[in-house]
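> Pasting a structure here, questions to come.
The values are calculated or read from the model by the stated rules, or taken from the named source; none is laboratory data. Bear in mind the structure is a predicted one, so any value in this text is a computation, not a measurement. Because the Cβ atoms are built from the backbone with ideal geometry, glycine has one as well, and the counts that use them run over all protein chains shown. Just so you know, the surface numbers come from the protein's heavy atoms only, side chains and all, with ligands and any DNA or RNA stripped out. Shrake-Rupley method; radii C 1.70, N 1.55, O 1.52, S 1.80 Å.
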Amino acid sequence: MSRARDQFEITPDILLRAYSIGLFPMAESAEDSNLFWVDPELRGVFPLDGITISKSLRKTIRSDLFEVRVDHDFDAVIAGCAAAYPDRDKTWINDRIRRLYRQLFDAGRVHTVETWLDGELVGGLYGVHLGAAFFGESMFHRKTDASKVALAHLAARLRKGGFVLLDVQFVTPHLASLGAVEISKSEYRRRLADAIAQPASFWAWPKGKLVSGAEALAGLSGRGEAA
């Protein structure tokens, strides 16, 4: 994995340009104000037709246990992603990351998919939208399956909207269990160039519509809207 430290102020436009050529920023820790550009030799992606949905997860999605909201509370989502947990005592999301992605959210370039239970945010994710590519940045959960449900709804939305690339940066055992795979840098850049040259709509399901679990599962299977 190659890294390059930033030598100048990173703006939202520079950040989008970096994504378009395969780079993304990280910090060493939440306390470190510096950022570095990351360009992995192996890149993690989700085949949009290959998300692994277990029988139990499918049941949870279909039950609509969680209310799934989109672009409802960015600040709460990134705070959840930045929080320390028993199995993760540090995070790379510093104040500069929060400010940059908030600006991109306000510009309609960053989106959240959020899972709510009894009026409380219990999981979610956020990422960057560029052409027909979506770059997943981080996800979190406070209840079992909350982030997995968000991911399933995201993938269904991307499929419906004509996206062709869902980038997750690195493949962890958790993401691999859901169907994420590694591809080479050269293959990733080929797919990236193709994706950002195409149009896609994040709002194929209109803004404000509450998408049911049945609709999401139908979208993942390519069958369109559920009855």
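Residue-wise test of (1) farther than 25 Å from SER29 by Cβ; (2) at pLDDT 95 or above; (3) in a strand (DSSP E or B).
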site: LEU100; (1), (2), (3): no, yes, no
site: HIS153; (1), (2), (3): yes, yes, no
site: LEU166; (1), (2), (3): yes, yes, yes
site: HIS174; (1), (2), (3): no, no, no
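> Further question on the same structure: Within region 141-166, can you find the residues that are within 14 Å of GLY80 (Cβ to Cβ) and of a type in the set (Ser, Thr, Tyr)?
Scanning region 141-166 gives a single hit, SER147.
> Can you tell me which residue among VAL168, VAL164 is touching a Leu at 6+ places or on another chain (Cβ under 8 Å), in contact (Cβ under 8 Å) with a residue 24 or more places away in the chain, under 16 Å from THR52 (Cα atoms) and not basic (Lys, Arg)?
From the options VAL168, VAL164, the qualifying one is VAL168.
> Please verify whether LEU154 is crowded, with 19+ Cβ neighbours inside 10 Å and in contact with a helix residue (DSSP H, G or I) (Cβ under 7 Å, 6 or more places away or on another chain), treating the condition exactly as stated.
It is false that LEU154 is crowded, with 19+ Cβ neighbours inside 10 Å and in contact with a helix residue (DSSP H, G or I) (Cβ under 7 Å, 6 or more places away or on another chain).
> What residue, of LEU57, LEU15, is crowded, with 16+ Cβ neighbours inside 10 Å, of a type outside the set (D, E, K, R) and under 16 Å from LEU154 (Cβ atoms)?
That would be LEU57, the only listed residue that is crowded, with 16+ Cβ neighbours inside 10 Å, of a type outside the set (D, E, K, R) and under 16 Å from LEU154 (Cβ atoms).
> Next question, about the same structure. Just a yes or no: is a residue in region 29-36 in a loop (DSSP other than H, G, I, E, B), at pLDDT 90 or above and open to solvent by 10 Å² or more (accessible area, probe 1.4 Å)?
Looking through region 29-36, none of the residues is in a loop (DSSP other than H, G, I, E, B), at pLDDT 90 or above and open to solvent by 10 Å² or more (accessible area, probe 1.4 Å).
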